[in-house]
Amino acid sequence: MENKTMNKRVYGILGISSIMGNWNADFSGYPKSTTDGNVFGSDKALKYPMKKMWDNEGKKVIYIKSLNEKLIPRTLKERYIKVFEDEDLKDVKKVLTNLMAAVDIKNFGATFAEAGCNIAITGAVQIGQGFNKYIDTNAEEQDILSPFKDAKAKEKNEVKAKAKAKANNLSEDDIEVKDAQNSTLGTKITSNEAHYFYPFVINPLAYKELVDLDVTEGYTEEDYQNFKRTALVSATAFATNSKVGCENEFAVFVETESDAYLPNLSEYVTFAKCEDKNIIDLKKLANILKDMSQQIKSVEIYYNPYTTELTNDDIKAAKHFNIITSKEV
């Protein structure tokens, strides 16, 4: 294959707003947080809507849940066979070539350990944890009335009745077991408001060895543009029950020379609210990009001008775009 690896690195930030939504819940149902209470979203929470969008577009996606004809989740091997229509897993080079043709693996990498193939691919795109930068975030718990009664209510009440009979030295026949008389209550947990900022970096040279093995043409400009297009809209497009209210609100793409190394850029922006506008302060980001200006090729900033203002936005030659319309502002 021809080596088409793009000759640059990309650093950036992806910002997600959550208004009465739950961007990334833990197993308790509450927004995920660190031990000291800082709310954050995992990289998986950001990648999943992107994978879902690619899958809906008919692109090859491996690492996404899918069901077989019995409505049971497929294994990794079954998913591979489903996507590539190829049951031969003995030819490792062929398997590797197929894997690199999947858009999620081409971006994020993969670990594939099936049928003698033990393959680990470090993705060209690395996304960090997205910390919420809005200080007044609170979890909201809502009670939801179900239209149905609990089908197992009588069974549960029977267990309680037996325990009560035993505790009071009564016969189980003396305890009345009632079925549910009312419909059940559920719970929905959301954040009143949260603003997550994810750092990311794209290193096309991550696939240098795979290019040498002739299993891929490398991470190309086309791959980057596809990632960029999807990263700007996938959260907004992914409107599930808990994700309604979660939207793409901010993004920065800094293209640099291939030997330029920048830190996590999300640490160099701050967020605040002022009356009816969100304020994103870019002072620290502008300073670090100014100091690295000789190695920076371009800077693009996407934001929602209807809800957000950028302050201290003194970044040389930066282009600004409406994140909703993609038009330059």
Practice item. Calculate the spin-label point distance for Lys82 paired with Phe27, positioning each point 7 Å from the Cα along the beta-carbon direction, and give it in nanometres. Key: 2.5 nm
Review point. Put +1 on the Cβ of every Lys and Arg and -1 on every Asp and Glu Cβ in the chain; which of Leu67, Ile127, Ile19 then has its Cα farthest towards the positive end of the dipole?
Key: Leu67
Study note, to complete from the structure: Most exposed to least, judged by fewest other Cβ atoms within 10 Å, Ile119, Ile315, Ile13 sort to Ile119, Ile315, Ile13
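What is the calculated FRET efficiency for Lys327 to Ile288, with r their C-beta to C-beta distance and R₀ = 25 Å, to the nearest 0.05? Spell out each step's value before the answer.
On the way: r = 28 Å, r/R0 = 1.10.
Given R0 = 25 Å and the Cβ-Cβ separation, E is 0.35.
Rank the residues Thr97, Thr325, Thr190 as a footprinting-exposure proxy: fewest other Cβ atoms within 10 Å of their Cβ go first.
Numbers: Thr97 17, Thr325 9, Thr190 25.
The order, fewest Cβ neighbours first, is Thr325, Thr97, Thr190.
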Practice item. Note the full-extension length gain between Thr75 and Gln295 as 0.36 nm times their separation in residues minus their Cα-Cα distance, in nm to one decimal. Key: 74.7 nm
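If R₀ is 41 angstrom, what is the calculated FRET efficiency for the pair Asp150 and Lys60, using the beta carbon separation as r and rounding to 0.05?
0.45
Once you mark the chymotrypsin sites (Phe, Trp or Tyr not before Pro) that are in a DSSP loop and have at most 12 other Cβ atoms within 10 Å, what is the longest gap between them in the chain? Don't jump to the answer; show the numbers that get you there.
On the way: sites that count: Phe27, Tyr261, Tyr306.
The reported range is 28-260.
Under a Cβ-only charge scheme (Lys and Arg +1, Asp and Glu -1), can you give me the dipole magnitude of the range 1-79 about the Cα centre, in debye to the nearest 20? Intermediate values should be presented prior to the final figure.
Numbers: 15 positive and 8 negative charges, 75 e Å.
Computed charge dipole of the range 1-79: roughly 360 debye.
Using Cα pairs under 8 angstrom and six or more residues apart, how large is the relative contact order of the chain, in percent? Let's see the in-between values first.
Numbers: 615 pairs, mean separation 88.5, N = 329.
Value for the chain: 27 percent.
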Review point. Using Cα pairs under 8 angstrom and six or more residues apart, how large is the relative contact order of the range 221-329, in percent?
Key: 25 percent
Review point. Using the alpha-carbon centroid of each, what span in Å lies between the range 111-158 and the range 249-309?
Key: 30 Å
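Using the number of other C-beta atoms within 10 angstrom as an exposure proxy, rank Glu255, Glu141 with the fewest first.
Working: Glu255 18, Glu141 10.
Sorted ascending by nearby Cβ count, the order is Glu141, Glu255.
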**Study point:** CD proxy at 222 nm, helix term only [per DSSP H run n ≥ 4: -39500 (n - 2.57); per residue of the chain; nearest 500]
**Key:** -7000 deg cm²/dmol
Revision key, fill the gap. Sorted by chain and number, the residues with a modelled amide H under 5 Å from that of Lys60, at a separation of 5 or more or across chains, are Val103
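How large is the dipole of the chain about the Cα centre if only Lys and Arg carry +1 and Asp and Glu carry -1, each at its Cβ, rounded to the nearest 20 debye? The partial results should precede the final answer.
On the way: 44 positive and 50 negative charges, 76 e Å.
Here the size comes out at about 360 debye.
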Review point. What full-extension length gain, to one decimal in nm, is calculated for Glu221 and Lys316 as 0.36 nm per residue of separation minus the Cα-Cα distance?
Key: 31.9 nm
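Would you please name the trypsin sites (Lys or Arg not before Pro) within the range 119-162 that are DSSP coil residues with at most 14 other C-beta atoms within 10 Å of their C-beta?
Numbers: sites: Lys133, Lys149, Lys152, Lys154, Lys156, Lys160, Lys162; in loops: Lys133, Lys152.
The qualifying sites are Lys152.
Any read-out appearing in this document is the output of simple, stated calculations on the displayed coordinates, not a laboratory observation. Quick caveat, the model's predicted, so the values are computed rather than measured. Here Cβ is always computed from backbone atoms with ideal geometry, including for glycine, and neighbour counts include all displayed protein chains.
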